[in-house]
Amino acid sequence: MIKISIKKILTLFCLAILFFAFLLAPSAYQSLKWQQAVEAAGGFPYQIGLTKVVIVNCVTTGIPPICTGGILCNTLDAARCPLYVDVSGTPAGGMGKNALFSLIAIGQAGLTAGGQLIAGGMSPVLMDSGVLASAGGCYGCVAKNSLPDKFLAWFDKYIIAGFRKK
């Protein structure tokens, strides 16, 4: 006859819950952040969603200098040209398949070639005032911290502090 105490059952149950919490929490957090980015991009008149992103640098060539590179680079003047990239890819929603983004926006959003993005702006060439989100982060996203955000921020601090104390 096997004796199993209630204490052991509760302990195993709690360990199982913690295991699944650590397993599911990162994907739930990413899903929440992605949803916030979608909501932020939806507030702009031009929205774009791309997969298999291709990033082409805008470059200045010739005399007089003109901006070349991607399809939309020729809309820039020679002074601003090196600060922008033309981003295109496979459409996954929205209104187009390419847009101009500043190098700052690309860097802050963590966008890399082959990745995916969701963006919103005034037009394909006026995305500076908009939102750019990728799996690596978000540029231009400002959202109030919701209860899940506050809980996850507290949870991250608690876990990190717990590991540092040991």
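Shown for Asp77, Asp128: other C-beta atoms within 10 Å of each C-beta, ranked fewest to most, produce the order Asp77, Asp128.
The separation of segment 43-78 from segment 91-127, counted between C-alpha centres, amounts to 11 Å.
Read-outs: derived from the displayed coordinates by stated rules, not from any lab. A quick note: this is a predicted structure, and the numbers were derived from the prediction, not measured. Heads up, the Cβs are rebuilt from the backbone with ideal geometry, glycines too, and the neighbour counts pull from every protein chain shown.
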